[in-house]
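> Quick one: structure below, then a few questions.
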Amino acid sequence: MTSPALITAPAAWARDAGGTASMQSCAGPVPVRNFSVRRPLTGLFAGLFSLVLAACGGPPAGQEPTGEAAEDAWRLAVGQDPVDQAVAYAYSLALNSRDAPAVVQTGETASAELAAELSSSEGEVAGDGTDDVASYDLVVSRSLALAETLDPDGFAELAEPDGTTAAASTSTEDLTTLIEEALDGAEVLTPSAGELDSTLVITTVTAEGEGIDLDGSSDAESFTDACHGQRLGVDEALPEIEHRLAERYDCEPEELSVAAPEDLVDQLITAEIDAAVVSSSTPQIHDYALVSVEDARGAFPTEQYLPVAKTSVAEEIPDVAAEVSESLDQDALRLIQRLLDGPDGLSPEEAAEYWLVSEEIIAEPEDWG
């Protein structure tokens, strides 16, 4: 596999003129994952491992286990969304790089439902006599859906005074607190640094026609000007669109269409719509130099990625999981979406691997050209 030009491998792992990885002689004799099947390194082994990394000057490799090792590995469940899956693989590959074998388990069930099942399953007995209802140990989920799934009543209490669903102004910290209190038998690990929020985007032509100052496009008045009476497209994942626009911005679009973000951008640049509300990390915003008008009055919800682990394994999770969360900022989420985008996009696992290498969390695989 050849790494894309936008990724620069850590210098300590560069190949010499003969094609041999310069760190190979250092990393080769250290069978890191042979120290333990399920648990992170402790005691003397952990100290030796740290010394080896310091001497080598680079991060360890990350690769999902196979064979018997895979059978005993932690299982990290995630739903169908490609970005969610890439984030899950980022955690999995990072864990594997620190001698904590993990495999990603994808399925049709939504991540929030998987986390709710994980929360209620530990210590129970399934119908087939197994110890746990859930067949996995960790889940990666978005916080908004998880909060509503785990505690619908508590989630409703976070609503705005008029009783509408999901207070857009509710902080991500409030959502995480609600989730932590609702979990039973599972714990929230460090949330992602990046937040999934929304923005209204228009073309420069529209901005000039509406008299919107490109440098002051975060003003609430600019949002209203770009929304009211316009043909507006909205991300299909956003709830209660018309109510929120009317309440927060006194905006009544001439037409309102709902679609996936990439379809909305296509409609925008072909003048089928005048404006679109999409995720602020949508790569096409930068590709087409669209003008982003900030949701200054909080009409749309903001959320984070939350890794959730069974209580029985939470204490065994290496610190690298927190490192991944702290590195998953807005730029990281944008890069991952870009790597996944289009007919020639990467698979979620490949996108996660490239991002981890770019962050120097794991080493460049030997089969990269």
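The values are calculated or read from the model by the stated rules, or taken from the named source; none is laboratory data. What you are looking at is a predicted structure, and each value in this text was computed from that prediction instead of being measured. Here Cβ is always computed from backbone atoms with ideal geometry, including for glycine, and neighbour counts include all displayed protein chains. Protein only, heavy atoms only, side chains kept; ligands, DNA and RNA dropped before computing areas. Shrake-Rupley method; radii C 1.70, N 1.55, O 1.52, S 1.80 Å.
> Given (1) under 30 Å from Asp250 (Cβ atoms); (2) in contact with a strand residue (DSSP E or B) (Cβ under 9 Å, 6 or more places away or on another chain), identify the lone condition not met by Tyr305.
Unmet for Tyr305, out of (1) under 30 Å from Asp250 (Cβ atoms); (2) in contact with a strand residue (DSSP E or B) (Cβ under 9 Å, 6 or more places away or on another chain): (1).
> Looking only at the stretch 322-332, which residues are buried (at least 17 other Cβ atoms within 10 Å of the Cβ) and either hydroxyl-bearing (Ser, Thr, Tyr) or under 19 Å from Val188 (Cβ atoms) (or both)?
Val324, Ser325, Ser327, Leu328
> When you check Ala299 against the structure, is it closer than 23 Å to Leu144 by Cα, open to solvent by 20 Å² or more (accessible area, probe 1.4 Å) and aliphatic (A, V, I, L, M), yes or no?
Spelling it out, it is not the case that Ala299 is closer than 23 Å to Leu144 by Cα, open to solvent by 20 Å² or more (accessible area, probe 1.4 Å) and aliphatic (A, V, I, L, M).
> A further question follows. Does the stretch 256-302 hold any residues that are aliphatic (A, V, I, L, M) and in a helix (DSSP H, G or I), and which are they?
Passing the criteria: Leu264, Val265, Leu268, Ile269, Ile285.
> Considering only the stretch 342-369, how many residues are crowded, with 20+ Cβ neighbours inside 10 Å and closer than 15 Å to Gln63 by Cβ?
Looking only at that region, the number is 9.
> Next question. For the stretch 308-324, enumerate the residues that are touching a strand residue (DSSP E or B) at 6+ places or on another chain (Cβ under 7 Å) and of a type in the set (Gly, Ala, Ser).
The answer is Ala309, Ala314, Ala321.
Yes/no per residue for (1) among the aliphatic types (A, V, I, L, M); (2) buried (at least 24 other Cβ atoms within 10 Å of the Cβ); (3) at pLDDT 90 or above; (4) touching a helix residue (DSSP H, G or I) at 6+ places or on another chain (Cβ under 8 Å):
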{"site": "Ser97", "(1), (2), (3), (4)": "no, no, yes, yes"}
{"site": "Val103", "(1), (2), (3), (4)": "yes, no, yes, yes"}
{"site": "Thr106", "(1), (2), (3), (4)": "no, no, yes, yes"}
{"site": "Gly123", "(1), (2), (3), (4)": "no, no, no, no"}
{"site": "Val133", "(1), (2), (3), (4)": "yes, no, no, yes"}
{"site": "Asp137", "(1), (2), (3), (4)": "no, yes, yes, yes"}
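> Right, another one. Inspect the stretch 240-251 for any residue being in contact with a His (Cβ under 8 Å, 6 or more places away or on another chain), of a type outside the set (A, V, I, L, M, F, W, C), free of Cβ contacts under 8 Å to residues at least 60 places away in the same chain and within 28 Å of Val83 (Cβ to Cβ) and give the result as yes or no.
Yes - at least one qualifying residue is present in the stretch 240-251.
> Next up: Go through the residues of the stretch 308-321 one by one and say whether even a single one is more than 21 Å from the chain's Cα centre (by Cα) and either β-branched (Val, Ile, Thr) or open to solvent by less than 30 Å² (accessible area, probe 1.4 Å) (or both).
The answer is yes; a qualifying residue exists.
> I've got another one for you. Inside the stretch 256-294, can you point out the residues that are touching a residue at least 60 places away in the same chain (Cβ under 8 Å), open to solvent by 70 Å² or more (accessible area, probe 1.4 Å) and charged (D, E, K, R)?
Glu262, Glu294
> Turning to a different aspect of this structure: Against the condition buried (at least 16 other Cβ atoms within 10 Å of the Cβ) and modelled with pLDDT under 80, how does Ala145 come out, does it pass?
no
> The conditions are (1) open to solvent by less than 10 Å² (accessible area, probe 1.4 Å); (2) at pLDDT 90 or above; (3) hydrophobic (A, V, I, L, M, F, W, C), and Leu339 fails exactly one of them. Which is it?
If we test Leu339 against (1) open to solvent by less than 10 Å² (accessible area, probe 1.4 Å); (2) at pLDDT 90 or above; (3) hydrophobic (A, V, I, L, M, F, W, C), just (1) comes out false.
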